[in-house]
Amino acid sequence: NAIDYDKVDEHTKFLIFPISVIGCGKTTTSQALINLFPESWGHIQNDDITGKDKSQLMKKSLELLAKQEMRCVIVDRNNHQFRERKQLFEWLDELKENYLAYDTNIKVIGVSFAAHDKLSEIRDITMQRVIKRGNNHQSIKWDELGEKKVLGIMNGFLKRYQPICLGRSPDNLFDLMIELDFGEKDSSLTNVKQILNEIHKAYPILIPDIPTPDRIDAAFRKSLEYKPTVRKI
Ligand code: GDP
Ligand code: MG
């Protein structure tokens, strides 16, 4: 029996791959979504992975996704280059059957956080945010690295950034692409709302009802207080 991968039903599982640079709000947006769906959505951060095996990011994500109640896992990494996006799809292919039944249907949703035509605003705002984030990050510790190093790391990501290009591999492998706009004020709140709306439209089985604005607001406010638990380096 051939597996019908187009069929989306209550057994379908979802992965979200962000495309971003540092400070665009991946972790904040992810935490807000997890606050809304604590039982069925998960969040694995590359910044929480210590040790040499980089594929642990995908292994941990699939391990979490394999839990019966889990429907969607956010694989939180910048993936700012084609090479990194390709690597995620390759790991997924390679490792999927070690964690999930061979006939599990997985849909991959891309979320582009850094609009290609807003890079100078993104640079200004993310730098202000990361200064304010201070030491509240797994590896980018303001006090230890200092301004010059942190801004250097951030600029490196901006310089190497390859925005999504849906016509070519690997970006043509996404089942759905959500292209966020980058606004200055509470962009993560706007992001959460857009993500909920677009997933609800494309995959109502995953989000049958959009949570009320009050619940979304509360989930966002809680996510702003997020503190990492792992220390890297
Ligand atoms: P990441 O590097 O993409 O994971 O970015 P983070 O989610 O860590 O966000 C960087 C910093 O900006 C953190 O200190 C967040 O609390 C803050 N931040 C993210 N989104 C918003 C937002 O919508 N409003 C405000 N006021 N701060 C935000
Ligand atoms: Mg982060």
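The values are calculated or read from the model by the stated rules, or taken from the named source; none is laboratory data. Just so you know, these numbers come straight off a predicted model, no measurement behind them. So basically every Cβ, Gly included, is an ideal-geometry build from the backbone, and we count neighbours across all protein chains shown.
For the stretch 79-89, the count of residues that are of a type in the set (S, T, N, Q), within 16 Å of ligand 1 (Cβ to nearest atom), surrounded by fewer than 18 Cβ atoms within 10 Å (Cβ to Cβ) and more than 30 Å from Asp4 (Cα to Cα) is nonzero. When you check Glu97 against the structure, is it over 20 Å from the mean Cα position of the chain (by Cα) and either more than 13 Å from ligand 1 (Cβ to nearest atom) or at pLDDT below 95 (or both), yes or no? Here the answer is yes, as Glu97 does meet what is asked. Only residues that are within 13 Å of ligand 1 (Cβ to nearest atom), out of contact with any Ser or Thr (no Cβ under 8 Å at 6 or more places or on another chain) and not in a loop (DSSP other than H, G, I, E, B) were counted in the stretch 126-157, giving 12. Considering only the stretch 82-125, how many residues are part of a helix (DSSP H, G or I), among the aromatic types (Phe, Trp, Tyr) and without any contact (Cβ under 8 Å) to a residue 24 or more places away in the chain? Residues in the stretch 82-125 being part of a helix (DSSP H, G or I), among the aromatic types (Phe, Trp, Tyr) and without any contact (Cβ under 8 Å) to a residue 24 or more places away in the chain: 0 in total. Considering each of Glu198, Glu121 in turn, give the residue that is over 30 Å from Val8 (Cα atoms) and acidic (Asp, Glu). Within the list Glu198, Glu121, the selection yields Glu121. Residues in the stretch 47-60 that are at pLDDT 95 or above and surrounded by fewer than 22 Cβ atoms within 10 Å (Cβ to Cβ): Asp53, Lys54, Ser55, Gln56, Leu57, Lys59, Lys60. Within the stretch 32-47, if we keep just the residues that are in contact (Cβ under 8 Å) with a residue 40 or more places away in the chain and among the aliphatic types (A, V, I, L, M), the residue that is farthest from ligand 1 (Cβ to nearest atom) turns out to be Leu36. When the stretch 202-229 is examined, which residues are found to be without any contact (Cβ under 8 Å) to a residue 60 or more places away in the chain, assigned to a helix (DSSP H, G or I) and within 14 Å of ligand 1 (Cβ to nearest atom)? Residues satisfying the conditions are Asp217, Arg221. Residues in the stretch 160-195 that are touching a strand residue (DSSP E or B) at 6+ places or on another chain (Cβ under 9 Å), outside any helix (DSSP H, G or I) and farther than 21 Å from Met127 by Cα: Ile164, Leu166, Phe174, Asp175, Leu176, Met177, Ile178, Glu179. Filter the stretch 156-181 for residues that are in contact with a Phe, Trp or Tyr (Cβ under 7 Å, 6 or more places away or on another chain) and crowded, with 18+ Cβ neighbours inside 10 Å; which is farthest from Leu119 (Cα to Cα)? Applying the filter and picking the extreme gives Pro170. If the condition is being in a loop (DSSP other than H, G, I, E, B) and acidic (Asp, Glu), then the stretch 1-60 contributes Asp4, Asp6, Asp9, Glu10, Glu39, Asp53.
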